[in-house]
Amino acid sequence: MVISIGLEGSANKIGVGIVRDGEVLSNPRHTYCAPTGHGFLPRHTAQHHRDHVLKLVKQAIEEAGVSVSAIDCVSYTKGPGMGAPLVSTAVVARTLAQLWNVPLIPVNHCIAHIEMGRQVTGADNPTVLYVSGGNTQVISYMNQRYMIFGETLDIAVGNCLDRFARVLKLSNDPCPGYNIEQLAKQGEKFIELPYCVKGMDVSFSGLLSHIEGTAVKMLAAGECTQADLCYSLQETVFAMLVEITERAMAHSRSKQVLVVGGVGCNLRLQEMLAIMAQERGASLCATDDRYCIDNGAMIAHTGNLIGSELTKFISHGVIRRKTSMRKHASQPAISTQDAAVLTPLSFSRSMEFIPAPRVKSYTTKNEVSMEQFILPPPAPVRLTLLPTTLVRENRQSFTSVTRKRISRGCQSFVRKMCHPRSLPDPPKTRITSATLNNGTFRRSLPELSSNSVLI
Amino acid sequence: MTTLVSQGAEGRLFETTFLGRPCLMKERFKKSYRHPVLDEKLTNKRLSQECRMLSKCRSLGIRTPTVYYVNNKTNTIYMEYMKQTVVFKDFVDEHVAKGERRVLADLCFNVGYTIALLHNGDIVHGDLTSSNVLVMKRIDKYDCVLIDFGLSTNSSLVEDKGVDLYVLEKAFLSTHPNSQDLFDKILAGYCSAAHSQKVVMSKLSEIRLRGRKRSMVG
């Protein structure tokens with residue numbers, strides 16, 4: 001029995017969830033609503049998250065009725081998402097993990113959506129339509145990984161809807177997509193809009209510029225109402241989404257479709273998907289706004305899956321914990337860096353990403369054969385790749401506070417790398433955080449491969 | 001006598017006879033999830049486009065099923081039933097499993113060559129996947145047949161040709177993992193025959209960078 005707490009803050013929602021083995025104990029959330037006619041800016045969203053996160057953590061713990069000591073791990077959204085809100089959430093998660101001395105587990109946002117959808121609906125191996133303000137993808141689980149079959153070639157569908165809502169000056173409360181959905185129910189006239197499907201990919205930017213241009217003219221001329229425009233927009237973009245989903249289903253011969261992400265709670269989209277599925281003799285798995293929209297429970301649930309997997313890896317000696325880490329009582333038993341190596345929940349360079357662990361058959365023999373793990377065991381070479389990903393991400397989105405934390409992680413990595421066996425010439429200078437930060441450190445280690453360039 | 005062969009994304013395929021000849025009937029059935037106006041527009045457009053392209057391809061020297069008859073009231077096409085063919089996707093899966101990559105490499109080169117012929121004739125397929133290519137065995141080698149031209153357009157733009165290859169690349173690599181070498185063969189075949197191969201290739205590498213959150217760090 002594992003209880004985990006998850007913190008989600010990749011966009012304008014901050015959510016904290018507590019999950020015990022797939023059972024959601026509490027899942028409070030708070031949404032930042034930008035002023036009407038505007039989108040949410042990273043700075044304001046991050047401020048909002050900082051204002052609400054502690055209240056939400058307390059609320060989550062109270063609602064769940066568990067004591068802090070019962071919590072086994074802290075998981076947080078590592079990405080993808082907006083930099084500033086991600087950082088404010090990550091700092092809280094790291095602090096909690098150190099306070100409670102429990103492992104800290106980074107979770108990929110997209111995988112969390114899918115895993116939560118599978119958990120709630122019980123879908124086994126569905127084709128996934130992931131539609132939200134930042135993502136539009138058709139994903140399928142094949143050959144032990146999640147593969148992106150189709151996606152948007154430019155903007156996400158939620159982004160398209162949100163920006164159109166701004167043109168109509170619709171409120172951002174509770175969310176623009178919901179207001180469009182309600183208004184669309186009154187629409188009667190169908191206005192033809194550009195329809196752009198390229199294979200299993202879609203494109204929305206042309207459609208958006210078209211409707212932004214004509215909407216103002218048509219409304220001024222009294223040719224249509226706001227409701228008609230919303231109705232036509234919804235019908236067109238959702239038809240495109242359902243079509244690419246259908247293509248992916250036909251291609252992968254799948255009999256189940258799961259819809260996740262913020263746009264996924266639109267009832268019209270669910271209705272269209274259900275009809276499509278029925279025509280193909282397939283079934284639709286959908287959830288409501290509690291789990292479709294970004295929430296903490298999905299992060300906690302996925303963290304749980306990863307956590308239990310990590311324990312198995314460690315107990316079988318496939319990987320060892322860093323002993324140096326355990327010397328410091330304040331450090332979590334499994335560091336972020338360890339977890340990043342062990343849980344390959346990051347997208348690899350191509351369009352595929354390595355899945356959340358799914359161990360189907362597992363035996364506890366003394367000899368561990370690699371085939372028992374559906375995930376390939378992390379090869380040593382991954383270690384050398386690690387700092388680059390950290391550093392890249394660091395440059396994009398992390399503040400100096402987190403940068404220091406990451407540098408500290410890199411330091412222990414470097415110490416390992418500096419072992420006489422791994423490098424021809426051990427560095428002469430002692431590496432401290434000061435040398436790390438002022439850059440002398442890099443000069444002292446010219447032999448490191450290009451993969452491990454540090455900050 | 002009409003029997004259902006399979007259901008694709010676009011329509012249903014039936015095996016039937018036309019004037020006593022065995023044939024394949026492709027019916028674009030009404031998609032009730034779509035708005036009727038939109039559905040009619042799309043279905044009509046794709047039906048006529050498919051017929052036009054199927055016959056135009058033959059004049060370019062690309063093997064496609066012969067169109068016998070088109071009924072635009074019921075949205076059906078009667079075309080040649082190529083029984084001796086295998087879907088490229090299944091063919092790849094089978095041969096990868098057997099470890100016969102040599103045969104596959106030759107075939108992939110051929111597929112790339114065929115796509116080049118298509119693009120030389122200023123046709124963009126629009127939905128190139130390994131499910132939309134059939135493989136036909138000739139005496140000593142394999143030939144490929146292109147099908148499913150519903151999304152195809154007439155275009156001489158480098159952009160459209162680049163997107164066409166990009167769509168294929170994504171569909172191919174996500175369906176057949178660890179097959180970058182095979183896709184490289186397809187590109188090699190393409191470059192061997194395409195008139196504007198240099199421009200298209202540089203466009204392709206530009207398009208690859210376009211998608212959102214390509215790195216997906218997290």
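The values are calculated or read from the model by the stated rules, or taken from the named source; none is laboratory data. Just so it is clear, the model here is predicted, and its values are computed rather than measured. Using ideal geometry, Cβ is built from the backbone for each residue, glycine included, and neighbour counts are taken over all protein chains shown. Please note that ligands, DNA and RNA were not included when accessible areas were found on the heavy atoms of the full protein model with its side chains. Shrake-Rupley method; radii C 1.70, N 1.55, O 1.52, S 1.80 Å.
So the values come out like this:
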read-out	value
Evaluation of A:Val87 against (1) in a loop (DSSP other than H, G, I, E, B); (2) modelled with pLDDT of 90 or more (one fails), failing number	(1)
Those residues of region B:39-53 which are within 27 Å of A:Leu241 (Cβ to Cβ) and open to solvent by less than 40 Å² (accessible area, probe 1.4 Å), in sequence order	B:Asp39, B:Leu42, B:Thr43, B:Arg46, B:Leu47, B:Gln49, B:Glu50, B:Met53
Answer from A:Asp154, A:Asp173 - the residue that is within 14 Å of chain B (Cβ to nearest Cβ) and under 25 Å from the mean Cα position of the chain (by Cα)	A:Asp154
Residues of region A:249-280 that turn out to be polar (S, T, N, Q), away from chain B (no Cβ under 12 Å) and more than 20 Å from A:Met200 (Cβ to Cβ), as a count	1
Residue tally, condition part of a strand (DSSP E or B) and open to solvent by less than 50 Å² (accessible area, probe 1.4 Å), over region A:9-30	10
Near pairs, Cβ below 6 angstrom, 6+ apart or cross-chain, from region A:198-216 (under 22 Å from A:Ile244 (Cα atoms) and within 13 Å of another protein chain (Cβ to nearest Cβ)) to any residue that is open to solvent by less than 30 Å² (accessible area, probe 1.4 Å) and assigned to a loop (DSSP other than H, G, I, E, B)	A:Gly199/B:Asp127; A:Phe204/A:Ile155; A:Ser205/A:Ile155; A:Leu207/A:Leu193
Residues (surrounded by fewer than 16 Cβ atoms within 10 Å (Cβ to Cβ), in a loop (DSSP other than H, G, I, E, B) and either touching a Lys or Arg at 6+ places or on another chain (Cβ under 8 Å) or within 11 Å of another protein chain (Cβ to nearest Cβ) (or both)) located in region A:281-293	A:Gly281
Unmet criterion (only one of (1) free of Cβ contacts under 8 Å to residues at least 24 places away in the same chain; (2) open to solvent by 30 Å² or more (accessible area, probe 1.4 Å)) for B:Leu173	(2)
Leading residue by the ranking (farthest from A:Ala11 (Cα to Cα)) among those in region A:55-79 that are open to solvent by less than 30 Å² (accessible area, probe 1.4 Å) and either outside the structural domain of A:Arg94 (by TED's automatic domain parsing) or assigned to a strand (DSSP E or B) (or both)	A:Cys73
Unique match (being within 14 Å of chain B (Cβ to nearest Cβ) and touching a strand residue (DSSP E or B) at 6+ places or on another chain (Cβ under 9 Å)) among A:Met116, A:Met147	A:Met147
Among (1) open to solvent by 10 Å² or more (accessible area, probe 1.4 Å); (2) in contact (Cβ under 8 Å) with a residue 40 or more places away in the chain; (3) not assigned by TED's automatic domain parsing to the domain that holds A:Lys198, the one test that A:Arg145 misses	(3)
Residue check, A:Ala250 over 18 Å from B:Asp39 (Cα atoms), open to solvent by 20 Å² or more (accessible area, probe 1.4 Å) and part of a helix (DSSP H, G or I)	yes
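Residue by residue, here is whether (1) within 14 Å of chain A (Cβ to nearest Cβ); (2) in contact with a Phe, Trp or Tyr (Cβ under 8 Å, 6 or more places away or on another chain); (3) of a type in the set (Gly, Ala, Ser); (4) open to solvent by 50 Å² or more (accessible area, probe 1.4 Å) holds:
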residue: B:Asn120; (1), (2), (3), (4): no, no, no, no
residue: B:Leu128; (1), (2), (3), (4): yes, no, no, no
residue: B:Val133; (1), (2), (3), (4): yes, yes, no, no
residue: B:Lys137; (1), (2), (3), (4): no, no, no, yes
residue: B:Leu182; (1), (2), (3), (4): no, yes, no, no
residue: B:Tyr190; (1), (2), (3), (4): no, yes, no, no
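One line per residue, one yes/no per condition, for (1) within 22 Å of B:Leu173 (Cα to Cα); (2) open to solvent by 70 Å² or more (accessible area, probe 1.4 Å); (3) within 14 Å of another protein chain (Cβ to nearest Cβ); (4) not hydrophobic (A, V, I, L, M, F, W, C):
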residue: B:Val37; (1), (2), (3), (4): no, no, yes, no
residue: B:Ser55; (1), (2), (3), (4): no, no, no, yes
residue: B:Gly61; (1), (2), (3), (4): no, no, no, yes
residue: B:Ile77; (1), (2), (3), (4): no, no, no, no
residue: B:Thr85; (1), (2), (3), (4): no, no, no, yes
residue: B:Glu94; (1), (2), (3), (4): yes, yes, no, yes
residue: B:Ala105; (1), (2), (3), (4): yes, no, no, no
residue: B:Asn110; (1), (2), (3), (4): yes, no, no, yes
